[in-house]
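Here is the structure we will look at.
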């Protein structure tokens with residue numbers, strides 16, 4: 001049974017399909033559908049790239065926090081914290097050349113990473129804010145002396161200072177009693 005032997009309604013429909021206007025309409029609709037699909041694919045690709053980038057930054061932030069956590073708990077930093085706390089508790093202030101800046105440098109590095117957006121801020125706040133704020137209060141006179149000694153160089157330990165201000169709780173009181181208790185605890189750290 002050929003095309004010309006089919007029933008009249010089917011022949012009429014087939015002849016409608018053969019008209020140029022019909023094909024133009026089909027082509028136009030197909031073009032719009034293809035354009036919409038392409039736009040959807042472009043948006044999906046953009047969104048996926050954005051999500052992937054954010055996931056990478058989150059992973060870097062967590063990984064850096066893990067590295068800082070390891071460093072904070074390392075034997076080197078624990079010994080430095082213990083020694084510095086013992087020195088800070090002494091009645092006579094230690095001589096400048098006898099103070100190790102390991103603790104200061106650690107918190108300065110945390111501050112640089114935190115301000116740069118490389119460190120997961122929630123994890124850093126939870127892990128370091130208590131220690132960082134108290135060490136800042138204990139070491140503030142030393143830092144100010146070092147800045148004066150270096151021609152008022154305000155950049156010395158500026159990231160440590162800025163981070164202490166950001167992490168300190170609004171109503172947190174770190175008075176002499178709290179600072180003495182903190183330094184006593186730090187001086188009793190086990191470093192073996």
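Where a number appears in this text, it was derived from the coordinates with a stated rule and is not lab data. Everything quoted here is computed from the prediction, not taken from an experiment. All Cβ positions, even for glycine, are placed from backbone atoms using ideal geometry, and neighbour counts span all protein chains on display.
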For the chain, find the longest principal axis of its Cα atoms and tell me its angle to the long axis of helix 8-17, 0 to 90°, nearest 10. 50
Is any residue of the range 107-131 close enough, with backbone N under 20 Å, to a label point placed 7 angstrom from the Cα of residue 60 along the Cα-Cβ axis, and if so, which? 108-125
Cα→Cβ-extended label distance, 7 Å offset, between residue 78 and residue 140, nm: 3.0
Which residue fluctuates the most in the chain, going by a Gaussian network model with Cα springs under 10 Å, if the choices are 113, 74, 44? 44
Go ahead and estimate [θ] at 222 nm for the chain from helices alone: -39,500 (n - 2.57) per DSSP H run with n ≥ 4, summed, over the residue count, rounded to 500. -25500 deg cm²/dmol
Indicate the gyration tensor shape class of the range 86-192 (rounded, prolate or oblate), computed on the Cα atoms with a ≥ b ≥ c the square roots of the eigenvalues: a/c under 1.5 is rounded; otherwise a/b larger than b/c is prolate and the rest oblate. oblate
Protection proxy ranking of 148-155, 116-123, 173-180 - average other beta-carbon atoms within 10 Å, highest first: 116-123, 173-180, 148-155
Using alpha-carbon coordinates, inclination of helix 176-187 to the longest axis of the chain, degrees: 80
Roughly how many Å is it from the Cα centre of the range 50-119 to that of the range 122-192, as a whole number? 11
A convex hull over the alpha carbons of the chain yields, per residue, a volume in Å³ of 238
Helix 75-89 versus the longest principal axis of the chain: what angle, 0 to 90°, nearest 10, using Cα atoms? 40
Classify the range 153-192 as rounded, prolate or oblate from the Cα gyration tensor: take a ≥ b ≥ c as the square roots of its eigenvalues, call it rounded if a/c is under 1.5, otherwise prolate when a/b beats b/c and oblate if not. oblate
